[in-house]
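Undergrad: This is the structure I want to talk about, given as structure tokens.
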Amino acid sequence: MPVTRGFFRKRPEGPEGRLPPGQYDTGQGWPVLTAEATPRVDTDTWTLTVDGLVDNPTTWDWRQVHALPGSTYFGDIHCVTTWSKFDTTFTGISVDTLLEIARPGDDAKFVMAHATTGYTTNIPLEDVTGGKAWIVWEHDGRPLPREHGGPVRMLVPHLYFWKSAKWITRLELMAEDRPGFWERNGYHDRGDPWREQRYQGD
Ligand SMILES: Nc1nc2c(c(=O)[nH]1)N[C@H]1C(S)=C(S)[C@@H](COP(=O)(O)O)O[C@H]1N2
Ligand SMILES: [Mo]
């Protein structure tokens, strides 16, 4: 199964070069950041839908999503609250696999990720294509813990971690950008940690 390493190949080797501006290394820790109550998502009833501006709106259930070709991310993650975590391993499927089936229309330019809880986050389409985003259910070879979005979350590791919606259930393709939950509350519409795009206007 393909493994994608963090794809910022131009930055220098070593811990300093891996840390975006204003971030610190959280080491073995992995803080939990959740705005809503942690849901119990049942894999018997959970589904993932890709719809909006697509030629072939599609819904997969738990079994169908696992039948798609697998994909693993190995690399770093960065939260806007200034922690970064190095060398994480997440396994699931690439968002590319879903989009190959759902086929975004030419007018699709943005994605809204929706969680079962109502949490939303907006992402440019080009930030979830080309091997940059995943739907994941394993961390370090174990089922994703519930507080970290288990059984299934989105992973967009090259952007701040609020773009990685926990308990993901829907990707909505859109022509125009529309702010999600944190973006309405002042966070940046793109959220590139290397450009320190923390807040609207950064
Ligand atoms: N559904 C949902 N997804 C979410 C959040 C949330 O509050 N609800 N918080 C975001 C933020 S701000 C961060 S930093 C990461 C935190 O993921 P973690 O708790 O696994 O570290 O999830 C993101 N995804
Ligand atoms: Mo965050």
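Undergrad: Give me log10 I(q)/I(0) at q = 0.24 Å⁻¹ for the range 56-125, Debye formula, one equal scatterer per alpha-carbon, no solvent.
TA: -1.30
Undergrad: Which distance in nm do the two modelled labels at Arg142 and Asp87 give, with both placed 7 Å along the Cα-to-Cβ direction?
TA: About 1.7 nm separates the two model spin labels.
Undergrad: Run lengths n ≥ 4 of DSSP H only: what is the helix-derived mean residue ellipticity at 222 nm for the chain, with -39500 (n - 2.57) per run over all residues, to the nearest 500?
TA: -2000 deg cm²/dmol
Undergrad: Which of the aspartates and glutamates could a cross-linker bridge to Lys109, judged by Cα under 15 Å and excluding same-chain residues fewer than eight apart?
TA: Filter leaves Asp51, Asp55, Asp96, Glu126, Asp127, Glu172, Glu176, Asp177, Asp189.
Undergrad: Further, regarding this structure: Beyond 23 Å, how much of the Cα-Cα pair distribution for the range 47-195 remains, as a whole percent?
TA: More than 23 Å apart: 28 percent of the Cα pairs in the range 47-195.
Undergrad: So how far apart, in nm, are the two label points at Asp55 and Gln28 if each is 7 Å from Cα heading toward Cβ?
TA: Distance between label points: 5.1 nm.
None of the figures in this text is laboratory data; all of them are computed from the coordinates on show. This structure is a prediction, so every number in the text was calculated from the model and none was measured. All Cβ positions, even for glycine, are placed from backbone atoms using ideal geometry, and neighbour counts span all protein chains on display.
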